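Visitor: Before I ask anything, here is the structure I am working with.
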Amino acid sequence: MRAVSANTRIENEVRTALQADPRIKHPELIAVSADEIGAVVLRGAVESLPQRTAAVHDARKVDGVFEVIADHLRVHPPVGELRADDELCAAAMQRLTDDAAVRSTHIHVKVMHGWVTLSGYVRQESERAAAVEAVASLTGVLGVTDQIEVRQ
């Protein structure tokens, strides 16, 4: 009987973790590959940015994983959840205004083809993280580029 290689073991454990995660609706749409040093590559599609984040988090928790690369794990929301850029921009600005953890009024929002770019500045790292998380959780957001500066 042949021994299972470390990269095959890692691939299998990542797939198992993805299937066990209730946040990921269709784990079968995520392809997993690993190399000899423990770099895991995730490819395929998920329905939302939080699902993409969950998949990366699940892969990182597997013993022996050195790095997770998810550049080709795309967000493809169901047709009914697609939103126009103007609508996403307004929703993002409202979410930032409503979020008590984001006290800065100096965050700017741009949206292009579902991808949100946040810029401007905040006083604390926790505000920056809260702003990114708040916007990333909006329905229809395909990705977030964080260009927010932390200024003391």
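The values are calculated or read from the model by the stated rules, or taken from the named source; none is laboratory data. Keep in mind it's a predicted model, so treat the numbers as computed, not measured. Cβ sites come from the backbone with ideal geometry, for glycine too, and all protein chains shown count toward neighbours.
Visitor: Could you tell me how many of the residues in segment 132-152 are under 13 Å from S104 (Cα atoms), at pLDDT below 95 and crowded, with 19+ Cβ neighbours inside 10 Å?
Guide: So the answer is 0.
Visitor: If you scan segment 54-85, which residues turn out to be crowded, with 17+ Cβ neighbours inside 10 Å and either part of a helix (DSSP H, G or I) or aromatic (F, W, Y) (or both)?
Guide: A54, A55, D58, A59
Visitor: Quick check on this structure: which one of V111, V141, V135 is within 29 Å of G80 (Cα to Cα) and either in a loop (DSSP other than H, G, I, E, B) or charged (D, E, K, R) (or both)? Spell out the reasoning first.
Guide: Values: V111 fails: either in a loop (DSSP other than H, G, I, E, B) or charged (D, E, K, R) (or both); V135 fails: either in a loop (DSSP other than H, G, I, E, B) or charged (D, E, K, R) (or both).
Matching residue, one of V111, V141, V135: V141.
Visitor: Restricting to segment 32-53, name every residue that is touching a Leu at 6+ places or on another chain (Cβ under 7 Å) and either more than 19 Å from W115 (Cα to Cα) or surrounded by fewer than 21 Cβ atoms within 10 Å (Cβ to Cβ) (or both).
Guide: Selection gives V32, L42, R43, G44, A45.
Visitor: Does segment 5-12 contain at least one residue that is on the phi < 0 side of the Ramachandran plot, within 18 Å of the chain's Cα centre (by Cα) and outside the structural domain of V135 (by TED's automatic domain parsing)?
Guide: Let us first name the residues in segment 5-12 that are on the phi < 0 side of the Ramachandran plot, namely 5-12.
Add one more test, that the residue is within 18 Å of the chain's Cα centre (by Cα), and what stays is none.
Among the residues of segment 5-12, not one is on the phi < 0 side of the Ramachandran plot, within 18 Å of the chain's Cα centre (by Cα) and outside the structural domain of V135 (by TED's automatic domain parsing), which makes the answer no.
Visitor: Within segment 91-131, count every residue that is free of Cβ contacts under 8 Å to residues at least 12 places away in the same chain and surrounded by fewer than 15 Cβ atoms within 10 Å (Cβ to Cβ). Spell out the reasoning first.
Guide: Here is the first cut: in segment 91-131, the ones free of Cβ contacts under 8 Å to residues at least 12 places away in the same chain are 94, 97-98, 100, 105, 129.
Applying the additional criterion that residues be surrounded by fewer than 15 Cβ atoms within 10 Å (Cβ to Cβ) yields 94, 97-98, 100, 105.
Total meeting the criteria: 5.
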